[in-house]
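See below for the structure under consideration.
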Amino acid sequence: MTNWIAAIASAAFLTLAALAPPARAQATGHARQPSDPRSMLVWPPDGPDGVAPAESTISRFDLLDGPEAKPSLDSLPATLDPGADPERENVPYSAQWHQQPFSRIAIGADVSPLGIGIHVATPLDDHFDLRATGNFFGYTTGRIEVDGFNIVGNVHLASLGTSVDFYPWNSVWRVSGGLMLANGNQFSAISRVATGTSFTVNGQNYYSSNADPVNGSAVLGLNTVKPAPMVSFGFGRFVPHSNRHWSFPTEFGVVYMGAPTFNVNVAGTVCTDKAQTICSSLSDASNPVAIEFNQSLQGQLARWRKDLQEVQFYPVFSYSVVYSFNIR
């Protein structure tokens, strides 16, 4: 009975094999790969009673070698998130990733002696970044009274600049050079001298008139050289060479602004004695008292301006918080 069933199975197998279209061998001589990788072929039975042993059931890919061999699960690509860049995801902090020009934008902020700073940077290549910087700050003091002088001070910082950041050896150390293209940095004050108050100008004593007190304004300008060259160095990239978004670069440098300018304008009536018998309006250029006062004032300004000649570089130091993102 068993032999009869095996004979019928063998006959059915041979009939199906005869009806199937013959497989065409490729130029390499390998068997043709089926369109459905899951299709299986049972090797002709060769076990006892004509039944194939379990180990004889093999895949058609097991008969092949070379490029048509059965693919390994380990060789299949891993599932990726849409839009992910697998090469950039694992770039470390000290990255060596190649940056395409203008492929990324970094926007950051800091606080420095130039005021509140806003930075925008983009890579030029692996070693150079292009950066634009804007700084601003404003502050006005309340009225301050010192020895009969009522003073209101004002700080006005406003500047725009651009620089090129160089990272030697494609490292996180940075050397930068650039220009401050627009500079409106200055300190100013207005003052009013209380009536009857004495004050000294270039070694000469004067009194503020009771009828028309002396008043004036002073401006210290920090913008003599335009545009002003800038140099700096620091640690940390403004544009990380990876998919990291946050960076925290530092910067130390100077801006060559030239010697500050210092100008004073005065008005009112000044006296040379406490009894206020010898007085003159400072706008009367022909009065001897006014002439003497203006000469003393110019002498004092000359001394101050000479001292300011020693201060031609303005310091810059900052710690920035920067967020960057890819644009292409």
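The values are calculated or read from the model by the stated rules, or taken from the named source; none is laboratory data. Bear in mind the structure is a predicted one, so any value in this text is a computation, not a measurement. Positions of Cβ are backbone-derived with ideal geometry, glycine not excepted, and every protein chain shown enters the neighbour counts.
Please indicate, with yes or no, whether at least one residue in region 234-244 is of a type outside the set (Asp, Glu), assigned to a strand (DSSP E or B) and either in contact with a Lys or Arg (Cβ under 6 Å, 6 or more places away or on another chain) or surrounded by 15 or more Cβ atoms within 10 Å (Cβ to Cβ) (or both).
The answer is yes; a qualifying residue exists.
Name the one entry in Ser281, Ser296, Ser324 that is within 29 Å of the chain's Cα centre (by Cα) and polar (S, T, N, Q).
Just a single option satisfies the conditions, and that option is Ser324.
Being touching a residue at least 12 places away in the same chain (Cβ under 8 Å), farther than 30 Å from Ala109 by Cβ, among the aromatic types (Phe, Trp, Tyr) and crowded, with 18+ Cβ neighbours inside 10 Å narrows it down to one residue among Phe293, Phe262; which is it?
Within the list Phe293, Phe262, the selection yields Phe293.
Just checking: which of the strands (runs of 3 or more DSSP E) contained wholly in region 264-328 hold 1 or more residues that are farther than 15 Å from Phe199 by Cβ?
279-281, 313-319, 321-326
Could you grab me the full set of residues in region 152-175 that are over 30 Å from the mean Cα position of the chain (by Cα) and either at pLDDT below 95 or among the small types (Gly, Ala, Ser) (or both)?
Scanning region 152-175 gives a single hit, Gly153.
Pairs only if they're at least six apart or on different chains, beta carbon under 8 angstrom, first in region 124-135 and of a type in the set (Lys, Arg), second in a loop (DSSP other than H, G, I, E, B); list them, first residue then second.
Partner pairs satisfying both residue conditions: Arg131/Phe238.
Among residues belonging to region 183-203 that are in contact with a Ser or Thr (Cβ under 6 Å, 6 or more places away or on another chain) and hydrophobic (A, V, I, L, M, F, W, C), point out the one that is surrounded by the fewest Cβ atoms within 10 Å (Cβ to Cβ).
That would be Ile190.
Taking region 115-170, which residues are small (Gly, Ala, Ser), part of a strand (DSSP E or B) and either within 30 Å of Asn215 (Cβ to Cβ) or not assigned by TED's automatic domain parsing to the domain that holds Gly236 (or both)?
Residues satisfying the conditions are Gly115, Gly138, Gly153, Ala158.
Looking only at region 212-233, filter to residues that are surrounded by fewer than 16 Cβ atoms within 10 Å (Cβ to Cβ) and hydroxyl-bearing (Ser, Thr, Tyr); which one of those is nearest to Val201 (Cα to Cα)?
Restricting to residues being surrounded by fewer than 16 Cβ atoms within 10 Å (Cβ to Cβ) and hydroxyl-bearing (Ser, Thr, Tyr), the top hit is Ser217.
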